[in-house]
Amino acid sequence: MPDLLAPAATAVTLENVEAAARRLKGVITKTPLMLNLGLSRTYDATILLKREDLQVVRSYKIRGAYNKIATLPITVPGRQIVCASAGNHAQGVAYACQLLGLQGDIFMPAQTPAQKVDKVRLFGKDMVTVHLTGRTFDDCYQAAQAFCDARGSTFVHPFDDLAIVEGQATVGLEILKSAHNKPIDFCFMPIGGGGLASGLSSVFRQLSPRTRLIGVQPLGAPSMHDAIRAGQRQALPHLDTFVDGAAVKCPGELTFEICQALLDEVHLVPEGQVCEDLLKMYNEEGMVLEPAGTLAISALHAYADQIKGKTVVCVVSGSNNDITRMEDIKERAQRHQGLKHYFMVTFNQAPGALRRFVNNVLAEGEDIIQFQYIKKNNKEKGPVFIGVEVKKPHDVEGIKARMAAEGFGFEYLNGKQDFLSLLV
């Protein structure tokens, strides 16, 4: 267990969290802590899902946003609100502005899924203006700060603020009350900037200190994981924004200190695993989750031996997924499962080359799903982009061996996401 004597361990008090819970009464939904039979059977454990995807804005973010805005001094000039968000915090701020009758300017990355942008406008009604700018959360954060400073508005940070953390901490209170004093062995929670993890871990360390607390981040956005490992906050040099709800380059100062002091560990999950579990929860459980909402469930694979026979809570948040992303999600899941493979293959630019590839390289049950000349020219050989679907993950090794035996030069591309995103 982490050192509970660290100063950050006492930053969030139960008194303030209880006050936040009272403030949120009638605003949020007290979401259920539900036993999931499918996951419990798979892992031979009691798997309980804290269903924040059923929240009014489909994520826990309304808790912190409303708690922060509702406690602002009435002397704040104009009480104009500004925030930056990849989507879920924006919805929480928009809904809070509408409920409290305050004007808000919401900054979101330009590539935010349309479904999230539409929801912000729905929840904010005529009280908010949406600004789409920048490629990542950090880009739009800088734009929002500049806008806020120029107008003298109040900036509502998505995670690095004590009132935000105290609002998110009410998730922890609800979990423990719903458990009716039954011990919880593990609690898995998603981490972007760390607001939820900070609040939830603060409550658990005070009321359920024996619970093992695991933060979960996507492999391509490991900001809190890397910061804790390094012992200091540091901006990621590269960021995969696919799990947009958890794609933050650098954790907050407050949230880093709390998470470093209170979390047992931060686990990284490959984006492909997230996609696989997202589709599984939709197909088998009828749950519509976004990638960030699936993170806690996706961590269970790595802890299968440890959680056997234990009581485990996974915080599930949120469900703001754009249906147009499902093909990309399915594609990534199949690559992660080892069922789709992509190559750059050197072909003789002569009749019969493709037939020789199909007849001599592909085995029964293996199909070409994509074939594209990258550049036709007058040379004897040319590069061809080929996608192949197989029945079993290990089948790809046979394809590689037969390509080599037939004299096809090739480069395996499955690990090169940036390149594949241009062609698939």
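Return the residues of region 387-424 that are of a type in the set (Phe, Trp, Tyr) and free of Cβ contacts under 8 Å to residues at least 40 places away in the same chain; say none if nothing qualifies. Phe419 - this is the single residue of region 387-424 that is of a type in the set (Phe, Trp, Tyr) and free of Cβ contacts under 8 Å to residues at least 40 places away in the same chain. Among the residues of region 281-303, just one is under 17 Å from Pro222 (Cβ atoms) and touching a Gly at 6+ places or on another chain (Cβ under 6 Å), namely Ala292. All conditions but one from (1) over 20 Å from Ala20 (Cβ atoms); (2) part of a helix (DSSP H, G or I); (3) β-branched (Val, Ile, Thr) apply to Ile184; the one that does not is (2). Residues that are farther than 28 Å from Asp185 by Cβ and touching a Phe, Trp or Tyr at 6+ places or on another chain (Cβ under 9 Å) number at least 3 in the following helices (runs of 4 or more DSSP H) confined to region 287-389: 326-336, 353-360.
If the condition is being of a type in the set (D, E, K, R) and open to solvent by less than 10 Å² (accessible area, probe 1.4 Å), then region 43-52 contributes Lys50, Glu52. Inclusion of Arg356 among residues that are closer than 30 Å to Gly286 by Cβ, of a type outside the set (Phe, Trp, Tyr) and out of contact with any helix residue (DSSP H, G or I) (no Cβ under 7 Å at 6 or more places or on another chain) is not warranted. Can Pro393 be described as surrounded by fewer than 18 Cβ atoms within 10 Å (Cβ to Cβ) and in contact with a Gly (Cβ under 9 Å, 6 or more places away or on another chain)? Criteria met by Pro393.
Scanning region 287-346 for residues that are over 19 Å from the mean Cα position of the chain (by Cα), within 14 Å of Thr42 (Cβ to Cβ) and open to solvent by 20 Å² or more (accessible area, probe 1.4 Å) yields Ala304, Asp305, Lys308, Gly309, Lys310.
When restricted to residues that are open to solvent by 50 Å² or more (accessible area, probe 1.4 Å) and assigned to a helix (DSSP H, G or I), region 396-416 contains 5. The residue that is modelled with the lowest pLDDT, counting only those in region 1-42 that are open to solvent by 20 Å² or more (accessible area, probe 1.4 Å) and among the hydroxyl-bearing types (Ser, Thr, Tyr), is Thr10. Number of residues in region 209-241 that are over 22 Å from the mean Cα position of the chain (by Cα) and buried (at least 19 other Cβ atoms within 10 Å of the Cβ): the value is 1.
The values are calculated or read from the model by the stated rules, or taken from the named source; none is laboratory data. Keep in mind it's a predicted model, so treat the numbers as computed, not measured. Note that we place each Cβ from the backbone using ideal geometry, even for glycine, and neighbour counts take in every protein chain shown. When the accessible area is computed, the model is the full protein with side chains, heavy atoms only, and any ligands, DNA or RNA have been set aside. Shrake-Rupley method; radii C 1.70, N 1.55, O 1.52, S 1.80 Å.
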